[in-house]
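Taking it in order: structure first as C-alpha cells, then the write-up.
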Amino acid sequence: ANALAIMLLLKLSLMTGKDAYRQQAERSLRLFARSALEMSVHAGAFFCAYDAFFRMLKLTVEAMPDSELARAARALAGTTYNVVLYGEENNRVIPCTANTCYDPILDPAQLRDSCARIQG
C-alpha cells in the first residue's frame, strides 16, 4: 500500500505541477528504504515505486483524442510509468520528466522511440 501511495503521489505531481507531491513521495521512499530488505515479497512494489521516482514520464498530448498520435500516447501509458494529460490542439506530444521537458514529438513512431530512450 505504501508503494502504491508513492506512485500515486508521483502521478499527482506530474498531473498538477505541484512539487509538494513529489517531495512527499521522496520522503516516503527515504523512510521505507532501510526496511526494504526486510519486506520480502513486498519489496518488489517498493522498488517499482523507487524506479518510478526516477523514470516516470508525463506525456502532454496536444492532439485530437482520436488521432493516431493520441492513441500512441495512450498506448504508452499502460506499458511504463507514464501519465497522459491533454492540452491545446497543436498536433504534438510533449514528454517531460520531473524537471525536464523534451522537444515536441509529431510522429507516433518517434514518440515510442523517444519514450523508450528517455526512460532508458
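The values are calculated or read from the model by the stated rules, or taken from the named source; none is laboratory data. Keep in mind that what you see is a predicted model, and the values were worked out from it rather than measured. As a convention, Cβ positions derive from the backbone with ideal geometry for all residues, glycine included, and neighbour counts pool all protein chains shown. Areas reflect the complete protein model, heavy atoms only, side chains present, ligands, DNA and RNA absent. Shrake-Rupley method; radii C 1.70, N 1.55, O 1.52, S 1.80 Å.
Remarks
- Filtered by the rule that a residue be more than 16 Å from residue 8 (Cα to Cα), in a loop (DSSP other than H, G, I, E, B), open to solvent by less than 70 Å² (accessible area, probe 1.4 Å) and of a type in the set (A, V, I, L, M), the range 33-89 gives 39, 63.
- Qualifying residue in the range 107-117 (condition: surrounded by fewer than 17 Cβ atoms within 10 Å (Cβ to Cβ) and touching a strand residue (DSSP E or B) at 6+ places or on another chain (Cβ under 6 Å)): no
- Some residue of the range 15-30 being farther than 22 Å from residue 120 by Cα, touching a helix residue (DSSP H, G or I) at 6+ places or on another chain (Cβ under 8 Å) and basic (Lys, Arg): yes
- Matching residues, the range 12-27, being modelled with pLDDT under 90 and in a helix (DSSP H, G or I): 14, 15, 16
- Residues that are under 14 Å from residue 98 (Cα atoms) and of a type in the set (A, V, I, L, M) within the range 9-50 comprise 9, 10, 12, 14, 15, 20, 25, listed in sequence order.
- Check on residue 104, closer than 25 Å to residue 22 by Cα and either out of contact with any strand residue (DSSP E or B) (no Cβ under 8 Å at 6 or more places or on another chain) or modelled with pLDDT of 90 or more (or both): yes
- Here the range 90-106 is the region considered, the condition is being assigned to a loop (DSSP other than H, G, I, E, B) and under 20 Å from residue 11 (Cβ atoms), and the residue that is most open to solvent (accessible area, probe 1.4 Å) is 99.
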